[in-house]
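Reading through the structure tokens given below for one structure.
The values are calculated or read from the model by the stated rules, or taken from the named source; none is laboratory data. What you see is a predicted model; the values in this text were computed from it and never measured. Note: ideal-geometry Cβ built from the backbone for every residue, glycine included; neighbour counts use all protein chains shown. When the accessible area is computed, the model is the full protein with side chains, heavy atoms only, and any ligands, DNA or RNA have been set aside. Shrake-Rupley method; radii C 1.70, N 1.55, O 1.52, S 1.80 Å.
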Amino acid sequence: MKDIIFQGDSLDCLRTFPQSIRREAGYQLDKLQQGLDPSDFKPMTTVGAGAYEIRVRDLAGAFRVIYVAKLADGIHVLHAFQKKTQQTSQTDIEIAKDRYRTLTKRGNK
């Protein structure tokens with residue numbers, strides 16, 4: 001089972017989500033640890049090769065967890081945020097991109 005490694009403030013951001021969203025996001029991350037795909041995810045090629053987002057929604061809104069699972073040392077959660085519009089904000093993409101670049105610079109390819 002792979003470890004989950006939170007980059008930057010991604011764990012703190014996840015902890016601000018409503019309880020139902022935190023539970024669902026945790027369940028989806030657990031599925032990843034077991035080698036399974038999350039229930040609702042999509043590739044985030046704008047962040048980098050092998051980056052994906054878990055999509056979680058309820059009455060509180062739409063929430064996303066961007067991660068990379070292809071690295072040998074674990075599943076890296078790059079960013080967690082609430083979506084305010086239909087399109088992911090450029091700020092959220094840049095945060096995830098910067099953290100992805102930092103990981104790959106360290107030789108974790």
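What pairs come up if the first residue lies in segment 62-77 and is without any contact (Cβ under 8 Å) to a residue 24 or more places away in the chain, the second is of a type in the set (D, E, K, R) and surrounded by fewer than 22 Cβ atoms within 10 Å (Cβ to Cβ), and their beta carbons are under 8 Å apart, counting only those six or more places apart or on different chains?
What qualifies is ALA62/ARG55; ALA62/LYS83.
Given (1) open to solvent by 70 Å² or more (accessible area, probe 1.4 Å); (2) free of Cβ contacts under 8 Å to residues at least 24 places away in the same chain; (3) among the polar types (S, T, N, Q), identify the lone condition not met by THR102.
Only one criterion in (1) open to solvent by 70 Å² or more (accessible area, probe 1.4 Å); (2) free of Cβ contacts under 8 Å to residues at least 24 places away in the same chain; (3) among the polar types (S, T, N, Q) is unmet by THR102, namely (2).
If I ask for residues that are part of a loop (DSSP other than H, G, I, E, B) and at pLDDT 90 or above, which ones from segment 89-109 would you list?
Across segment 89-109, the qualifying residue is only SER89.
Against the condition touching a strand residue (DSSP E or B) at 6+ places or on another chain (Cβ under 8 Å) and open to solvent by 30 Å² or more (accessible area, probe 1.4 Å), how does ILE4 come out, does it pass?
Answer is yes for this residue.
Got a number for residues in segment 7-19 being in contact with a strand residue (DSSP E or B) (Cβ under 6 Å, 6 or more places away or on another chain) and either surrounded by fewer than 14 Cβ atoms within 10 Å (Cβ to Cβ) or outside any helix (DSSP H, G or I) (or both)?
Final tally of qualifying residues: 2.
Looking only at segment 63-85, count how many residues are over 11 Å from the mean Cα position of the chain (by Cα) and at pLDDT 95 or above.
The total comes to 1.
Looking only at segment 20-47, how many residues end up being open to solvent by 30 Å² or more (accessible area, probe 1.4 Å) and either assigned to a loop (DSSP other than H, G, I, E, B) or touching a helix residue (DSSP H, G or I) at 6+ places or on another chain (Cβ under 6 Å) (or both)?
8
Examine segment 33-51 for a residue that is in contact with a strand residue (DSSP E or B) (Cβ under 7 Å, 6 or more places away or on another chain), basic (Lys, Arg) and modelled with pLDDT of 95 or more, and state whether such a residue exists.
yes
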